[in-house]
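The values are calculated or read from the model by the stated rules, or taken from the named source; none is laboratory data. These numbers come from a predicted model, not from an experiment. Cβ placement follows ideal geometry from the backbone for every residue including glycine, while neighbour counts extend to all protein chains displayed. Surface accessibility is based on the protein's heavy atoms, side chains included, excluding ligands, DNA and RNA. Shrake-Rupley method; radii C 1.70, N 1.55, O 1.52, S 1.80 Å.
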Amino acid sequence: MELTTVAIKVPESMHDFITENRCRDELVRNALILYPYIKDLTISHGRAAEILGIPKERLIALYGDMGIPYIDGDANMLNEELAAYDAVRRKG
């Protein structure tokens with residue numbers, strides 16, 4: 001994976017929390033930068049994982065460790081999706 005350097009502005013008091021040379025911290029930071037694009041459906045979890053150079057399952061687990069669910073929605077939404085899937089499956 002080819003890397004580039006990007007300068008970002010952060011509050012001065014944040015400086016000590018931004019580390020370089022710690023792979024796990026950099027991965028978490030970069031995953032968090034990509035997450036809004038996953039949430040608004042600009043990119044998929046698979047594409048974000050590809051950008052980060054890790055397997056999709058690892059990215060999903062990383063977000064899960066941070067409390068960010070892979071499936072975003074409530075139980076009612078999930079039940080509606082399952083019902084729609086069952087209806088399509090019965091027709092086909």
Of the residues Gly64, Gly46, Gly53, Gly73, which is out of contact with any strand residue (DSSP E or B) (no Cβ under 6 Å at 6 or more places or on another chain), in contact (Cβ under 8 Å) with a residue 40 or more places away in the chain and open to solvent by less than 90 Å² (accessible area, probe 1.4 Å)?
Gly53
In the set Met77, Met1, which member is at pLDDT below 85, among the aliphatic types (A, V, I, L, M) and assigned to a loop (DSSP other than H, G, I, E, B)?
Met1
Residue check: is Val6 over 12 Å from the mean Cα position of the chain (by Cα), modelled with pLDDT of 85 or more and hydrophobic (A, V, I, L, M, F, W, C)?
yes
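For residues that are open to solvent by 60 Å² or more (accessible area, probe 1.4 Å) and acidic (Asp, Glu), scanning just segment 76-92, find the one that is farthest from the chain's Cα centre (by Cα).
Step by step, filter segment 76-92, then rank; the result is Glu80.
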Restricting to segment 14-33, name every residue that is among the polar types (S, T, N, Q) and modelled with pLDDT of 90 or more.
Asn30
Residue check, Ala48 part of a helix (DSSP H, G or I) and more than 30 Å from Glu2 (Cβ to Cβ):
no
Please indicate, with yes or no, whether at least one residue in segment 12-28 is charged (D, E, K, R), open to solvent by less than 70 Å² (accessible area, probe 1.4 Å) and in a helix (DSSP H, G or I).
yes
